[in-house]
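The values are calculated or read from the model by the stated rules, or taken from the named source; none is laboratory data. Keep in mind the model is a prediction, meaning the values are calculated, not measured. Using ideal geometry, Cβ is built from the backbone for each residue, glycine included, and neighbour counts are taken over all protein chains shown.
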Protein chains: 2
Amino acid sequence: MAVEIDLAEALRTTRAMRRFTDEPVDDDQILRCLDAAVQAPSGGNIQPYQFVVVTEPDLRARLAELYLRAWERYAPAVTALTPTPKSEEAADRQRRNMAASDELARNLGAVPVHVLVLMPKISMTITDDEGDMDVGPTYASVYPAVQNFILACRAEGLGTVLTTVYKIHEAEVREVCGIPDRYEVVALLPVGHPRGRWGVAARRPASALTSWNRFGEKRR
Amino acid sequence: MAVEIDLAEALRTTRAMRRFTDEPVDDDQILRCLDAAVQAPSGGNIQPYQFVVVTEPDLRARLAELYLRAWERYAPAVTALTPTPKSEEAADRQRRNMAASDELARNLGAVPVHVLVLMPKISMTITDDEGDMDVGPTYASVYPAVQNFILACRAEGLGTVLTTVYKIHEAEVREVCGIPDRYEVVALLPVGHPRGRWGVAARRPASALTSWNRFGEKRR
């Protein structure tokens, strides 16, 4: 089911969705989202990615088990690293985010679709008589497609969240889906009908992260 | 100037823009695009990026000179690597793309705004008693913002293209803008008013890149 939404509004309000209803997701919806994903740019238009769409409940349960194991190691470590929030509001937000992430980790198996994004591990270095050229990481040709996928879900009335914590057990994730060792699994995107509202997520404002002309210079 | 455009349509038709008119770009437009960029997800919401917006003609000229030098080394090497296109149409497309990239390299100094995206080189590894955890590359928290920026330009009536070829001379790029060595410059985005039409770029279709449930399995 396509949703009409203005681009600028979608960019502003498409936040991570970690809670979903039981409503099933149509394979065609996922394919449309992937078709939007591949319209993102890639260096030399090589499209160095593949996708695995996991819908079988047994496979999702096994991915969910690995994910939860990874989460249970990651969550306390990252909590220990996180500075004490500066305001009650920020502390509240942090608690809500942790609770939602924890709920996702405990319910991932029930999310109707898991999309895995694969990237070949082989180096894409370009070489000439002078030697190797660094013309950017292959990731630069993959994560733009992931972001397009996230936004395309929004246009389908679906929600998702970019996760990478499963990487702690990436070898086992590959095994579950028969993914050859020559691919890195660069994202796991659980997709479903969102439970929760779209809205502007809390961020440091761009102006605080932007220099003008020279690093550290303010706008005149 | 904000442009109303449907999200799904924008995802489908926002292609790389490499030719621009002389019309100036407003600083506020760039800031709005950066505000949209930071709404993209980042791991633990850490937003591990900064931006340098280059508008001074002298600095743009110096970046353009480095870019052209990089392009003149990259272009022949990548052409030598590129397989012969399978159809006259594909060959045509390849020639047009090379011509547009070449034109960009020769005219970059005239593009009104160059946006550099920076990422700290420090490792973001999380550690516990068991050792280091790989929870994904920092790039996963940066290139989604770059893609949001590209789409936000579209919503402002602007065009841009994700470039990384300058990385061949990245140290000198950093020098031009006084960027500390601790940052990697992960993208240079020339921004201007597009000369050329929006449309669906040629891509391998997602269906050809997608497995269902297990790697290599087709959709049932």
Members of the range B:121-133 that are loosely packed, with under 15 Cβ neighbours inside 10 Å and either closer than 30 Å to B:Gly159 by Cα or free of Cβ contacts under 8 Å to residues at least 24 places away in the same chain (or both):
B:Lys121, B:Ser123, B:Thr125, B:Thr127, B:Asp128, B:Asp129, B:Glu130, B:Gly131, B:Asp132
Going through A:Ala70, A:Ala61, A:Ala100, A:Ala77 one at a time, which residue ends up being under 27 Å from A:Ala201 (Cα atoms), without any contact (Cβ under 8 Å) to a residue 60 or more places away in the chain and of a type in the set (A, V, I, L, M, F, W, C)?
A:Ala77
Name every residue in the range A:172-199 that is farther than 21 Å from A:Glu103 by Cα and assigned to a loop (DSSP other than H, G, I, E, B), in order of residue number.
A:Cys177, A:Gly178, A:Ile179, A:Pro180, A:Asp181, A:Arg182
Taking the residues in the range A:155-198 that are among the small types (Gly, Ala, Ser) and in contact with a helix residue (DSSP H, G or I) (Cβ under 7 Å, 6 or more places away or on another chain) as candidates, determine which candidate is nearest to A:Val78 (Cα to Cα).
A:Ala187
Filtered residue count, the range B:51-77, keeping only those that are touching a Gly at 6+ places or on another chain (Cβ under 6 Å) and surrounded by 19 or more Cβ atoms within 10 Å (Cβ to Cβ)
2
Scan the range A:156-175 for residues that are out of contact with any Cys (no Cβ under 8 Å at 6 or more places or on another chain) and farther than 24 Å from A:Ala61 by Cβ and jot them down.
A:Gly157
Could you please find all residues in the range A:161-180 being among the hydroxyl-bearing types (Ser, Thr, Tyr) and more than 7 Å from chain B (Cβ to nearest Cβ)?
A:Thr163, A:Tyr166
Look through A:Arg214, A:Arg203 and report the one residue that is surrounded by 14 or more Cβ atoms within 10 Å (Cβ to Cβ), modelled with pLDDT of 95 or more, within 8 Å of another protein chain (Cβ to nearest Cβ) and over 25 Å from A:Leu104 (Cβ atoms).
A:Arg214
Would you say B:Asp35 is acidic (Asp, Glu), at pLDDT 95 or above and under 22 Å from A:Tyr143 (Cβ atoms)?
yes
Condition met for B:Tyr183 (closer than 25 Å to A:Asp132 by Cβ, facing chain A (nearest Cβ under 9 Å), touching a residue at least 60 places away in the same chain (Cβ under 8 Å) and surrounded by fewer than 22 Cβ atoms within 10 Å (Cβ to Cβ))
yes
Checking B:Asp102 against (1) surrounded by 15 or more Cβ atoms within 10 Å (Cβ to Cβ); (2) in contact with a strand residue (DSSP E or B) (Cβ under 7 Å, 6 or more places away or on another chain); (3) acidic (Asp, Glu), which test does it fail?
(2)
Count - residues of the range A:122-167 that are within 25 Å of A:Glu65 (Cα to Cα) and in contact with an Asp or Glu (Cβ under 8 Å, 6 or more places away or on another chain)
1
So how many residues does the range B:18-49 have that are surrounded by fewer than 20 Cβ atoms within 10 Å (Cβ to Cβ) and more than 23 Å from B:Arg154 (Cβ to Cβ)?
4
